[in-house]
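The values are calculated or read from the model by the stated rules, or taken from the named source; none is laboratory data. Computed from a predicted model, the values in this text were never measured in an experiment. Note: ideal-geometry Cβ built from the backbone for every residue, glycine included; neighbour counts use all protein chains shown. The area values use the complete protein model at the heavy-atom level, side chains included, leaving out ligands, DNA and RNA. Shrake-Rupley method; radii C 1.70, N 1.55, O 1.52, S 1.80 Å.
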Amino acid sequence: MSNAENTLPETTALNVVAVDDRNEHVYANLYQGYAAEFSKFIGDKPDENGLFEIYPKIANEVKGYLLYIDGVPAALTAIKETPSQHFEICDFYVVPYFRKNKAGKGFISHLFKQLKGTWEIKQVAGADHAVKFWRDVVGDYTDGNYTEDQYANEKWGTVTRQRFSHL
């Protein structure tokens with residue numbers, strides 16, 4: 001597939017919005033797909049109602065964002081922000097229908113540009129598709145000017161991490 005076939009058409013309307021009281025139910029609904037997809041990596045399972053717990057909650061220093069494509073909810077992210085302008089991506093999910101068209105890359109690149117500071121992105125062991133995605137996104141966004149390491153996390157096991165900064 002050529003690169004031109006692998007991107008969104010120019011006529012596609014992309015809209016990034018912050019999660020608030022009016023759309024938090026949309027975030028919660030999309031989160032269920034994200035949690036189900038990653039449950040095999042982190043050993044999570046739904047509750048008695050078939051729902052996964054949203055973690056972390058969108059509150060205080062954790063802000064949520066949604067991507068709408070032509071009015072349809074297509075992706076979510078939760079970003080923790082400290083007062084020193086350090087941003088950590090806690091959750092990131094693109095609905096499978098919208099993958100392979102650079103929607104996720106456009107979504108997070110928009111937020112990188114909007115939220116200036118230092119960034120940290122982590123992927124759990126086994127989520128090789130996520131590691132590949134983040135290497136591509138961060139590598140392109142920073143022109144390769146980022147660091148990557150792996151470390152043992154008490155809760156998640158071996159974690160791959162990318163870090164960069166821009167002001």
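Taking the accessible area of the chain, probe 1.4 Å, and keeping the other protein chains in place, the carbon and sulfur fraction comes to 50%. Would you work out which of THR142, ALA75, PHE41 lies farthest towards the positive end of the dipole of segment 1-156, given +1 charges on the beta-carbon of Lys and Arg and -1 on that of Asp and Glu, about the Cα centre? Checking the options against the dipole of segment 1-156, the answer is THR142.
For segment 111-158, applying the loop criterion from DSSP together with a ceiling of 15 other beta carbons within 10 Å to the GluC sites (Glu not before Pro) yields GLU154.
Rounded to the nearest 500, the helix-only mean residue ellipticity at 222 nm of the chain stands at -9000 deg cm²/dmol, with each DSSP H run of n ≥ 4 adding -39,500 (n - 2.57). Applying the criteria of a DSSP loop state and at most 11 other Cβ atoms within 10 Å to the trypsin sites (Lys or Arg not before Pro) of segment 100-167 yields LYS155.
As a size descriptor, the averaged projected area of the C-alpha convex hull of segment 65-167 was calculated at 6.9 nm².
Derived scalar couplings between HN and Hα for segment 82-87 equal 9, x, 8, 6, 9, 10 Hz in order, rounded to whole Hz, by the Karplus curve 6.51 cos²θ - 1.76 cosθ + 1.60 (θ = phi - 60°), x for Gly and Pro. Averaging the Cα positions of each part gives two centres, and for segment 126-154 and segment 70-86 these lie 18 Å apart. Accessible surface calculations at 1.4 Å, restricted to protein heavy atoms, place the chain at 59 Å² per residue. For segment 115-167, the list of chymotrypsin sites (Phe, Trp or Tyr not before Pro) that fall in a loop by DSSP and count at most 16 other C-beta atoms within 10 angstrom reads TRP156.
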